[in-house]
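Here the structure comes first, spelled out in structure tokens, and everything after it is commentary.
The values are calculated or read from the model by the stated rules, or taken from the named source; none is laboratory data. Just so it is clear, the model here is predicted, and its values are computed rather than measured. As a convention, Cβ positions derive from the backbone with ideal geometry for all residues, glycine included, and neighbour counts pool all protein chains shown.
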Amino acid sequence: MKITDIRTFVVGNPPPQAGGRYFIFVKLTTNGGVVGYGEAYSASFGPKVTAAMIEDVAERYLIGRDPHDIESFFRRAYSSGFTQRPDIAMMGCVSALETACWDIIGKEAGKPVYKLLGGQVHEALRSYTYLYPDSGSVYPGEAENAERNVYNDPDLAAAAATACVRQGFTAVKFDPAGPYTAFDGHQPRLQDIDLSVRMVKAVREAVGTSADILFGTHGQFTAAGALRMAKAIEPYDPLWFEEPVPPDMPEVMAEVARGTSIPIATGERLATKWEFARVIDHRAAAVLQPNLGRSGGILETKKIAAMAEAHHVQIAPHCYCGPIVAAANIQLAVTLPNFLILESIKTWDGFHAKLLKKKIEWQDGYVIPSKEPGLGVELDEAVAEAHPWEGDKLHLEMAPDPLL
């Protein structure tokens with residue numbers, strides 16, 4: 001079996017853009033006509049540039065080769081151009097292509113990918129969702145300049161959390177901690193601490209013990225600033241404080257972990273076993289959040305999870321992207337003894353469902369793993385083609401100027 005063809009799709013995500021502005025999908029085809037799909041979570045460059053990068057990586061290291069040879073592909077791509085170091089742009093490409101290879105491998109074997117990774121540990125996967133506005137698209141970092149919404153209004157956040165609990169969710173995430181900029185970390189402003197406390201308090205009072213609170217941030221703070229924020233919200237017992245400081249120095253994140261009773265979670269912006277190993281070695285987080293569209297792919301993230309398991313660290317796969325990454329997250333999470341919780345984009349309805357020939361199954365707060373071969377999902381290419389991305393913004397963007 002050989003990979004003979006590659007195609008990429010850059011798909012615009014219609015409003016309210018839950019999961020990001022666009023999705024980057026890849027399709028691999030073998031000489032036997034078997035198709036596999038993958039997705040990149042990559043935002044360093046424009047998506048069409050990223051799609052071209054994925055095609056370049058495939059042409060150099062995958063076309064004409066057996067998709068089963070995951071380790072060889074990873075090492076060749078990881079070492080491309082005399083690099084041999086974590087590179088989130090390259091790992092976005094690798095993750096998409098590697099996931100598509102696993103989709104092919106599973107289809108050839110007639111098994112879900114999880115059956116080829118050690119088998120099924122979990123019959124269902126506990127999931128959480130962000131609190132999303134009812135309409136329109138407000139990115140958390142822009143919330144303070146927007147009209148009343150679930151990111152800046154305690155009453156609206158509490159109502160949204162209550163609605164999620166009624167749907168069946170037992171955990172919700174929101175990030176009211178203020179803007180994040182290219183010049184972070186910074187000290188939280190008093191108004192940011194005050195709003196965060198009021199938001200967390202309102203949600204806790206609304207949901208009681210029926211749901212965990214996941215306090216999201218985007219690496220905004222210095223360690224000292226993060227500890228001030230953590231102290232203020234500790235009385236409401238969040239399940240985690242997400243990425244309290246920038247991701248480049250796990251030693252600094254470890255200072256926060258030692259200084260608060262709230263578990264620290266991180267990993268959205270990390271790639272490969274080497275970056276996650278530093279987090280584990282420094283005891284910087286109790287929960288790792290690899291995103292399988294960036295972390296290095298399914299096998300690489302299985303290794304990350306194994307390292308975490310050996311240190312009693314849990315895994316909560318991150319997903320602020322499209323449904324193919326979601327499917328890869330599910331395939332891996334099912335196999336993990338140290339799985340904690342899975343990020344859902346609401347209940348996988350809306351555009352995420354339209355992009356798939358059969359939607360991801362969600363019941364009463366849990367994702368139900370597919371028993372179909374491969375990833376268990378199929379991209380509806382007609383829908384993808386009908387929604388090309390034409391914008392010039394990146395998937396996520398930080399404010400370009402220092403916080404005043």
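For the reader, a short list of remarks on this structure follows.
- Selected residue (criterion: surrounded by the most Cβ atoms within 10 Å (Cβ to Cβ)) from residues of the stretch 75-89 that are closer than 25 Å to GLY46 by Cβ and of a type outside the set (Val, Ile, Thr): ALA77
- Of all residues in the stretch 291-334, those satisfying the criterion of being β-branched (Val, Ile, Thr) and part of a loop (DSSP other than H, G, I, E, B) are VAL313, VAL334.
- Meets criteria (more than 16 Å from the chain's Cα centre (by Cα), buried (at least 24 other Cβ atoms within 10 Å of the Cβ) and of a type in the set (Val, Ile, Thr)) for VAL245: yes
- Residues located in the stretch 154-178, provided they are touching a helix residue (DSSP H, G or I) at 6+ places or on another chain (Cβ under 8 Å), over 21 Å from ILE341 (Cα atoms) and surrounded by fewer than 22 Cβ atoms within 10 Å (Cβ to Cβ): PRO154, ASP155, ALA158, ALA159
- Where LEU396 falls short, out of the listed (1) in contact with a strand residue (DSSP E or B) (Cβ under 7 Å, 6 or more places away or on another chain); (2) modelled with pLDDT under 95; (3) closer than 30 Å to ILE280 by Cα: (1)
- Residue match in the stretch 353-361 (condition: in the same structural domain as LEU299 (by TED's automatic domain parsing) and within 27 Å of ILE304 (Cα to Cα)): yes
- On the stretch given as the stretch 276-304, residues that are farther than 18 Å from ALA96 by Cβ and either crowded, with 24+ Cβ neighbours inside 10 Å or in contact with a Gly (Cβ under 7 Å, 6 or more places away or on another chain) (or both) total 6.
- Any hit, the stretch 337-344, residues being outside the structural domain of CYS101 (by TED's automatic domain parsing), under 20 Å from TYR366 (Cα atoms) and of a type in the set (Gly, Ala, Ser): yes
- Test set (1) buried (at least 18 other Cβ atoms within 10 Å of the Cβ); (2) touching a strand residue (DSSP E or B) at 6+ places or on another chain (Cβ under 7 Å) - THR335 fails condition number: (2)
- Residue in the stretch 107-126 that is out of contact with any Cys (no Cβ under 7 Å at 6 or more places or on another chain), outside any loop (DSSP other than H, G, I, E, B), in the same structural domain as LEU239 (by TED's automatic domain parsing) and under 29 Å from PHE215 (Cα atoms) present: yes
- Which listed residue is more than 27 Å from PRO373 (Cα to Cα), out of contact with any Gly (no Cβ under 9 Å at 6 or more places or on another chain) and of a type in the set (S, T, N, Q), from THR8, THR83, THR50: THR83
- Residues that are over 18 Å from ALA277 (Cα atoms) and more than 20 Å from the chain's Cα centre (by Cα) within the stretch 71-100 comprise GLU71, SER72, PHE73, ARG76, ALA77, SER79, SER80, GLY81, PHE82, THR83, listed in sequence order.
- Strands (runs of 3 or more DSSP E) contained entirely in the stretch 1-51, each with at least 3 residues that are surrounded by fewer than 19 Cβ atoms within 10 Å (Cβ to Cβ): 3-12
- Filter result for the condition that a residue is out of contact with any Asp or Glu (no Cβ under 7 Å at 6 or more places or on another chain), at pLDDT 95 or above and of a type outside the set (Ser, Thr, Tyr), over ILE54, ILE70, ILE6: ILE54
- Within the stretch 253-272, being surrounded by fewer than 18 Cβ atoms within 10 Å (Cβ to Cβ) and not in a loop (DSSP other than H, G, I, E, B) holds for ARG258, GLY259.
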